[in-house]
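What follows is a single structure, written as C-alpha cells, with notes after it.
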Amino acid sequence: MVYLTLFLTFLKIGAVSFGGGYAMIPLIREEVLLNGWMSESEFINFIAVAESTPGPIAVNMATFIGSQVGGIGGSLLATLGVVLPSFIIILLIVAVFKNLLKLTGVTWALDGIKPVVAALIIGTGATMMLTTLSGIKTFESSFSIDYKAIIILAVIITVASLYKKLLKKKISPILLIILSAILGLILYAL
C-alpha cells in the first residue's frame with residue numbers, strides 16, 4: 001500500500017507541476033508532511049541533500065523520500081511517478097503537437113503560469129529561511145534564532161560578494177555548498 005501511495009503521490013506532483021523542480025518543492029513538502037513521511041526539519045535536510053547531489057532536484061527528492069519511506073522499491077516508484085507525466089507530455093508534444101508552442105493561446109497560458117511558479121519558488125524560499133534561521137515551523141512555533149545558521153548565511157553572502165567583486169564572475173554554487181557544509185561541521189560541532 002505504501003508503494004502505491006508513493007507512486008500516486010509523486011505522479012500527481014509530476015502531473016500538476018509547472019516550472020521545473022523548484023516549483024515542485026512546495027507540492028512535495030505538502031504531501032510529505034500530510035502523509036507524515038517526515039518532519040519539517042527532515043524535509044529541509046532532504047532539500048539540502050537533493051540540491052547538493054547531481055541531477056534534477058525533484059527527481060532527487062522523489063528518490064530520497066521514496067527510499068526513506070519504502071526502501072529501494074519506494075525510491076524507484078516515487079521517481080517513476082514524478083518523471084512519468086513530463087515524459088508522456090514531451091512524447092505527445094514531439095509526436096503530435098510539433099507546433100503547439102507556436103499557438104498564441106498556449107503562449108498566453110504559459111505566460112499566465114509563470115507568475116505562479118515564481119510565487120511558489122519565493123514562498124518555498126521564505127519558508128525555508130524562516131525555518132532555518134528562526135525555528136518557526138508553524139504558527140504555534142516559538143521564535144528561536146539560530147545564530148549559527150545566520151553566521152553561515154552571512155559568510156556565504158560575503159564570500160560570494162567578494163568573489164564576484166574581485167574576480168568579476170560568480171562563484172560556483174558547488175563551492176558555496178561545500179563551504180556551507182564545512183562551516184556547518186565546524187559551528188554545530190562547537
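Rule-based calculations on the coordinates, nothing more; no lab input. For clarity, every value in this text was computed on a predicted model and none was experimentally measured. Reconstructed Cβ throughout: ideal geometry from the backbone, glycine too, with neighbour counts over all protein chains shown.
Remark: Tyr163, Tyr22, Tyr188 ranked as Tyr188, Tyr163, Tyr22, counting other beta-carbon atoms within 10 Å and listing the fewest first.
Extending 7 Å from Cα along the Cβ direction at Leu166 and again at Ala15 yields two label points whose distance is 5.3 nm. Using C-alpha pairs below 8 Å separated by at least 6 residues, the relative contact order for the range 2-97 is 39 percent.
For the range 2-97, take N as its residue count and report Rg(C-alpha) divided by 2.2 N^0.38 Å. Walk me through the numbers on the way to the answer.
Details: Rg = 12.9 Å, N = 96, 2.2 N^0.38 = 12.5 Å.
Taking the Cα Rg and dividing by 2.2 N^0.38 Å, one obtains 1.03.
Computed log10 I(q)/I(0) for the chain at 0.16, 0.17 Å⁻¹: -1.14, -1.21, from the Debye equation with unit scatterers placed on every C-alpha and solvent omitted. Cross-link list Lys102/Lys164; Lys148/Lys170; Lys12/Lys170; Lys12/Lys169: which exceed 30 angstrom alpha carbon to alpha carbon? The answer is Lys102/Lys164; Lys12/Lys170; Lys12/Lys169. Against the main long axis of the alpha-carbon atoms of the chain, helix 104-134 sits at an angle near 30°.
Normalised by the number of residues in the chain, the mean separation of alpha-carbon contacts (under 8 Å, six or more apart) gives a relative contact order of 20 percent.
Can you compute the label reach from Ala48? Point 7 Å from Cα along the Cβ direction, backbone N cut-off under 16 Å, restricted to the range 156-190. Only 156-157, 174-190 fall inside the zone, counting backbone N under 16 Å.
Among residues other than Ile65 whose Cβ falls under 12 Å from its Cβ, what is the net charge (Lys/Arg +1, Asp/Glu -1)?
Details: positive: Arg29; negative: Glu31, Glu42.
Cβ neighbours under 12 Å give a net charge of -1.
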